[in-house]
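See below for the structure under consideration.
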Amino acid sequence: MCDNYSLGDILRGKIDSYNIDPNSKEKINQVKLISELKPNEEVEVEGKVISKRLQKTKSDKAFLLITLVDKSQSIRAVDWYYPEENNNKIQVGDVIKVKGKTVFFENRIQINVVNDIDSIEILNPLEVNPEKYLRNSQTELIALTHKLENYISQVKNTGIKALLKSIFIENNSIREMFLTSPAAIEVHHAYPNGLIEHSLKVTELSLCLYEAYCEQDVYINRDVIIAGSLLHDIGKIEEYIITPTGIEKTEQGELMGHIPLGAKLIYEESKKIEEKIEKEDIEHIIHIILSHHGEIEYGSPVVPKTLEAMIVNFSDNIDSKIARAKENIKNTLQINENSTWSEYDRRLDRKIKIEKYTD
Ligand SMILES: [Fe+2]
Ligand SMILES: [Fe+2]
């Protein structure tokens, strides 16, 4: 995100910050969420630090770039006055309160930190309101649970059905984690319930592809598609943890990532129903988990080598990209409802045109 701004942009934003009187506390507005900020306001913004970078201009003047997030969106703060001090003071993951002035350019609001040694305050995690950082899925969890149970009921193979029931219905701890986990920290579905929402959408898309291609010529296994789609990201229940200040990676998540964690979970769970399920079905479902990122460079140890694995990989790719593009459009419109282009998205490597149809 930071890379999309030239130094000239930052410097232009900086000019406004010289006009702030740090003692004018009565003028400072308390804002609830980052998405509620408006340009040209003196504000105190609370957010979680997700990145910080100490940099220098060509003339060797240091400045600190900080990216803050809450559940609504991210924002960049630029500190020209105490960059070294504040760089030493704050850590990535801290929740901080920043005093500054908002400036607007290139479709984005930025905070210019005021000239005050106490402009950045680190908050005690116990005093942070989790409501500010955890976003609930828009869709009702009960409806999502019904959808999940409906997909399981459609599975005809008794072994595969037993595996899905054992994981999603009988194992309370896995079920609970699957229903509440996010699917990411900030890429897509990065909110509680995001994992089940994403897994169900991937299943829906995979079944559409199955319907389009299930002619008589080559057999495609619908049951394996349902199981693979529902389980493809199951390792994320161990990869992420929800804390009062948002979503973080667990130690297991850092060390292994969700693909090996998911394969391990299926291997262990299938042991409990070994006599009911065919070994080749377990291996097929594990292959879908291992290959669902599609390419070795995207984190999969093998590429999809069955039609079912290809279908799940494509569906996963579609949902993660479309969900991200939609998020980006919503965030852009929150900043400026008249925007016609989204912000540049580093992961999608493009801006998205915002169409306004009124029918
Ligand atoms: Fe994944
Ligand atoms: Fe996924």
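The values are calculated or read from the model by the stated rules, or taken from the named source; none is laboratory data. As the structure is a prediction and not an experimental result, all values here were calculated from the model. With ideal geometry, Cβ positions are generated from the backbone for all residues, glycine too; neighbour counts draw on all protein chains shown.
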Check region 147-159 and report whether any residue there is within 16 Å of ligand 1 (Cβ to nearest atom), touching a Phe, Trp or Tyr at 6+ places or on another chain (Cβ under 9 Å) and closer than 30 Å to Val69 by Cβ.
no
Do the conditions hold for Asn338, that is, is it more than 16 Å from ligand 1 (Cβ to nearest atom), modelled with pLDDT under 85 and surrounded by 13 or more Cβ atoms within 10 Å (Cβ to Cβ)?
no
With the condition being in contact with a Gly (Cβ under 9 Å, 6 or more places away or on another chain) and small (Gly, Ala, Ser), I'd like the helices (runs of 4 or more DSSP H) fully within region 135-202 carrying at least 1 qualifying residues.
none
Here's a check for you: in region 209-221, which residue that is assigned to a helix (DSSP H, G or I) and touching a residue at least 60 places away in the same chain (Cβ under 8 Å) is nearest to ligand 1 (Cβ to nearest atom)?
Leu209
Tell me the residue from Ile247, Ile234 that is within 16 Å of ligand 2 (Cβ to nearest atom), in contact (Cβ under 8 Å) with a residue 12 or more places away in the chain and assigned to a loop (DSSP other than H, G, I, E, B), please.
Ile234
Condition test on Thr332, is it among the hydroxyl-bearing types (Ser, Thr, Tyr), closer than 30 Å to Asn124 by Cα, surrounded by 13 or more Cβ atoms within 10 Å (Cβ to Cβ) and more than 15 Å from ligand 1 (Cβ to nearest atom)?
no
Taking Ser291 as meeting all but one of (1) of a type in the set (Gly, Ala, Ser); (2) away from ligand 2 (no atom under 16 Å from the Cβ); (3) without any contact (Cβ under 8 Å) to a residue 40 or more places away in the chain, write down the number of the exception.
(2)
Residue by residue through region 300-320, note down the ones that are surrounded by fewer than 21 Cβ atoms within 10 Å (Cβ to Cβ), of a type outside the set (Ser, Thr, Tyr) and either over 25 Å from Ile237 (Cβ atoms) or away from ligand 2 (no atom under 11 Å from the Cβ) (or both).
Pro301, Val302, Val303, Lys305, Leu307, Met310, Phe314
Going through region 110-141 one residue at a time, which ones are within 22 Å of the chain's Cα centre (by Cα) and surrounded by fewer than 17 Cβ atoms within 10 Å (Cβ to Cβ)?
Pro125, Asn129, Pro130, Glu131, Asn136, Gln138, Thr139, Glu140, Leu141
Restricted to region 205-252 and to residues being closer than 21 Å to Gln154 by Cα and among the charged types (D, E, K, R), the residue surrounded by the most Cβ atoms within 10 Å (Cβ to Cβ) is Asp233
